[in-house]
Amino acid sequence: MTLPKHVTIFEMGARDGLQNENARIATGDKVRYIDLLSRTGLKWIEATSFVSPKAIPQLADATEVFARIRKAPGVRYPVLVPNLKGYERARAAGADAIAVFTAAAERFTKRNINMTLDESLATFTDVVSTSKRDGCWVRGYVSTAFGSPFGDVVTPQMVLDVSLKLIEMGCDELSIGDTIGVGVPSQVDELVPLLAARIPLDRIAMHFHDTRGTALANVYAALLNGISKFDSSSGGLGGCPYAPGATGNVGTEDVLYMLERMGIETGVDIAKVRAASRFIAGVVDHALTSKAYQAMEAADAAPIS
Ligand code: HMG
Ligand code: MG
């Protein structure tokens, strides 16, 4: 297998990352964090989420965040929307790239968006057709693709079935999510070729959470299977409040470090991502989990002998 020469990073820190923070984060800090990320070379920064503020109180200020961020030329700022109401809010705020989200697992879908899988697909059929008519770019998430927190059995075929429905309804791209960080490389080896037989590889991104330390191994397995777009969050922030125990996405710095050392281009400056992470580390009430971020911080803190 040959590895891709270029990989696209889809930054998750401001949405998947911050949605999981308990302490209230000021709108101005979210804006500053995204503005710092906009200077790193990242071309895709998921900015916020137009979900119910009762479901995710942390992102209740989505309209203001989206309005205030400085949109850098050439950078897209997709936002998460769960229904037409969210879509209308997102459009009113000026969003032109959206992401809908369902899952391979029935019980998780019910807990996360209070819909059955079929109801979610019906809802998103309307959202996606409206957004395509309006000229938006649309991503479709398939969560719990490697396992569910609520005991549902998830098979690669189930992931393929949901993926095909999202593609058929008009999604430009899919993001296949290991929401609770249970996946291992052999699962990636099984799933990606199954998807690739029906869906062009350049329309598939992988979204790994690092709950059990397997995310980077899964990124490597996905690279070997021809995937060249990955979701990650600066500093390793995040998780899903509706997936008990789930921790953050694979750290952007971790992915960048590995890819750079492997000679794979991303166009993203790791030092600038670290600066954004450092800023948000001063805002959230805990340490950041990205190993590469921690190593850079430790190297700077070490006394020079
Ligand atoms: P519901 O309670 O069933 O919906 O929630 P409803 O239609 O009955 O509405 C209830 C109330 O919410 C109403 O207000 C609606 O107007 C309001 P009330 O009359 O009670 O005052 N409402 C809204 N308000 C603002 N924006 C909206 C909106 N929709 C309804 N868009 C719903 C259903 C889907 C809305 C809710 O369950 C929800 O918002 N869920 C989102 C949960 C979420 O964001 N989870 C985390 C993201 S998923 C994730 O992290 C995984 C991912 O990263 C990939 C991976 O890791 O695999 C993407
Ligand atoms: Mg996620």
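The values are calculated or read from the model by the stated rules, or taken from the named source; none is laboratory data. Worth saying up front: this structure is predicted, and the values here are computed from it rather than measured. Every residue, glycine as well, gets a Cβ built from its backbone with ideal geometry; the counts of neighbours run over all protein chains shown. Remember, those area values only see protein heavy atoms, side chains included, never the ligands or the DNA or RNA. Shrake-Rupley method; radii C 1.70, N 1.55, O 1.52, S 1.80 Å.
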| said: As an exercise: evaluate Ser175 against (1) in a strand (DSSP E or B); (2) polar (S, T, N, Q); (3) open to solvent by 10 Å² or more (accessible area, probe 1.4 Å) and give the number of the one condition it does not meet. | reply: (3)
| field | Failed item in (1) more than 16 Å from ligand 2 (Cβ to nearest atom); (2) touching a residue at least 12 places away in the same chain (Cβ under 8 Å), with Arg133 passing the rest | value | (2)
| Within the range 222-249, can you find the residues that are open to solvent by less than 10 Å² (accessible area, probe 1.4 Å), away from ligand 1 (no atom under 11 Å from the Cβ) and touching a strand residue (DSSP E or B) at 6+ places or on another chain (Cβ under 7 Å)? | Ala222, Ile227, Phe230, Ser232, Ser234, Gly235, Gly236
| field | Complete set of residues in the range 1-43 that are over 26 Å from Ala222 (Cα atoms), small (Gly, Ala, Ser) and not in a loop (DSSP other than H, G, I, E, B) | value | Gly28
| said: Tell me the residue from Ala99, Ala103 that is in contact (Cβ under 8 Å) with a residue 60 or more places away in the chain, within 15 Å of Gly170 (Cβ to Cβ) and crowded, with 19+ Cβ neighbours inside 10 Å, please. | reply: Ala99
| note | For the range 223-257 the number of residues that are modelled with pLDDT of 95 or more and within 13 Å of ligand 2 (Cβ to nearest atom) is 8
| query | Identify, please: which residue in the range 45-60 is buried (at least 24 other Cβ atoms within 10 Å of the Cβ) and not aliphatic (A, V, I, L, M) and is, among those, farthest from Thr289 (Cα to Cα)? | reply | Phe50
| query | What number goes with the only condition from (1) farther than 21 Å from Phe10 by Cα; (2) in a helix (DSSP H, G or I); (3) away from ligand 2 (no atom under 14 Å from the Cβ) that Phe108 does not pass? | reply | (3)
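Yes/no matrix, rows are residues, columns are (1) out of contact with any Leu (no Cβ under 9 Å at 6 or more places or on another chain); (2) open to solvent by 40 Å² or more (accessible area, probe 1.4 Å); (3) within 14 Å of ligand 1 (Cβ to nearest atom):
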{"position": "Thr179", "(1), (2), (3)": "yes, no, yes"}
{"position": "Val182", "(1), (2), (3)": "yes, yes, yes"}
{"position": "Pro185", "(1), (2), (3)": "no, yes, no"}
{"position": "Glu190", "(1), (2), (3)": "yes, yes, no"}
{"position": "Arg198", "(1), (2), (3)": "no, yes, no"}
{"position": "Leu201", "(1), (2), (3)": "no, yes, no"}
{"position": "His209", "(1), (2), (3)": "yes, no, yes"}
{"position": "Arg212", "(1), (2), (3)": "yes, yes, no"}
{"position": "Ala215", "(1), (2), (3)": "yes, no, yes"}
| query | Can you spot a residue in the range 66-77 that is open to solvent by 30 Å² or more (accessible area, probe 1.4 Å), modelled with pLDDT of 95 or more, within 21 Å of Lys229 (Cα to Cα) and in contact with a Cys (Cβ under 6 Å, 6 or more places away or on another chain)? | reply | no
| So which of Arg111, Arg107, Arg89 ends up being more than 10 Å from ligand 1 (Cβ to nearest atom) and not aliphatic (A, V, I, L, M)? | Arg107
| Taking the condition surrounded by 24 or more Cβ atoms within 10 Å (Cβ to Cβ), touching a Leu at 6+ places or on another chain (Cβ under 8 Å) and β-branched (Val, Ile, Thr), does Ile167 pass? | no
| said: Just to verify a result, which residue in the range 136-162, among those that are more than 19 Å from Arg107 (Cβ to Cβ) and of a type outside the set (A, V, I, L, M), is farthest from ligand 2 (Cβ to nearest atom)? | reply: Cys136
| said: Can you list residue pairs whose Cβ atoms sit under 9 Å apart, with the first residue in the range 19-44 being over 23 Å from Thr179 (Cα atoms) and open to solvent by 20 Å² or more (accessible area, probe 1.4 Å) and the second being of a type in the set (Ser, Thr, Tyr) and in a helix (DSSP H, G or I)? Count only pairs 6 or more apart in sequence or on different chains. | reply: Leu36/Ser234; Leu36/Ser277
